[in-house]
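Colleague: Have a look at the structure that comes next, please.
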Amino acid sequence: MSRTQHIRNMIEEQFLIEFDDELTERSDLFKAGVIDSFGYVQLLSSIEAEFSIQLKDEDFLKDILTSLESIDAFVAKKIAERGDR
């Protein structure tokens, strides 16, 4: 399973939604009512544990990740910083 698919599954399971034609990888999950600030922190914590990446406080606030696409890019960046390929 790809990293993107894994994150997608995590979001679908955690927030009881399904990505489709209306809710796409580029959809703003906050505006779509899928996620709120509490859910955001929970999701990033889950991603941190699942992908063994270290998040700093500013990671939670610096660039708010609003879509599956942006979350996936962020995880890819953190993995690359860690040295995995």
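The values are calculated or read from the model by the stated rules, or taken from the named source; none is laboratory data. Here the structure is a predicted model, which is why all the values come from computation and not from measurement. Backbone-built Cβ (ideal geometry, glycine too); neighbour counts: all protein chains shown. Protein only, heavy atoms only, side chains kept; ligands, DNA and RNA dropped before computing areas. Shrake-Rupley method; radii C 1.70, N 1.55, O 1.52, S 1.80 Å.
Colleague: Would you mind calculating the gained length between ASP36 and THR24 on full extension (0.36 nm times residue separation, minus the Cα-Cα distance), in nm to one decimal?
Modeller: So the extension gain works out to 2.6 nm.
Colleague: Among GLU13, GLU69, GLU58, whose mean-square fluctuation peaks in a Gaussian network model of the chain (Cα, cutoff 10 Å)?
Modeller: GLU58
Colleague: While we're on this one: Figure the gain on full extension for ASP57 and GLU13 (residue separation times 0.36 nm, minus the Cα-Cα span) and round it to one decimal in nm.
Modeller: 13.3 nm
Colleague: Can you compute 3J(HN,Hα) from phi for each residue in region 3-14, using the Karplus curve 6.51 cos²θ - 1.76 cosθ + 1.60 with θ = phi - 60°, rounded to whole Hz and x for Gly and Pro?
Modeller: 4, 4, 5, 4, 5, 4, 4, 4, 5, 4, 6, 6
Colleague: Taking loop as defined by DSSP and a crowding limit of 12 other beta carbons within 10 Å, which trypsin sites (Lys or Arg not before Pro) in region 1-80 fit?
Modeller: Here the trypsin sites (Lys or Arg not before Pro) that fit, given the DSSP loop and packing criteria, are ARG26, LYS31, LYS56, LYS62.
Colleague: Here's another thing I want to ask about it. Just by accessible area at a 1.4 angstrom probe, what is the order of VAL75, VAL34 from largest to smallest?
Modeller: Descending accessible area places them as VAL34, VAL75.
Colleague: Moving on to the next point. Charges only on Cβ, +1 for Lys and Arg, -1 for Asp and Glu: so what's the dipole of the chain about the Cα centre, in debye to the nearest 20?
Modeller: Charge dipole, the chain, about its Cα centre: 400 debye, nearest 20.
Colleague: I would also like to ask the following. Give me the percent of the accessible area of region 38-85 that comes from carbon and sulfur atoms, probe 1.4 Å, all protein chains in place.
Modeller: With neighbouring chains kept in place, the figure for region 38-85 is 51 percent.
Colleague: Among (i) 20, 15, 11; (ii) 45, 15, 10; (iii) 29, 19, 13, find the value of semi-axes √(5λ) of the Cα gyration tensor in Å that was calculated from the structure presented, and write down its label.
Modeller: Matching entry in (i) 20, 15, 11; (ii) 45, 15, 10; (iii) 29, 19, 13: (i).
Colleague: Using θ = phi - 60° and the Karplus form 6.51 cos²θ - 1.76 cosθ + 1.60, what ³J(HN,Hα) does each residue of region 64-81 get, whole Hz, x for Gly and Pro?
Modeller: 5, 8, 9, 10, 4, 4, 6, 5, 4, 5, 5, 4, 4, 5, 5, 5, 5, 4
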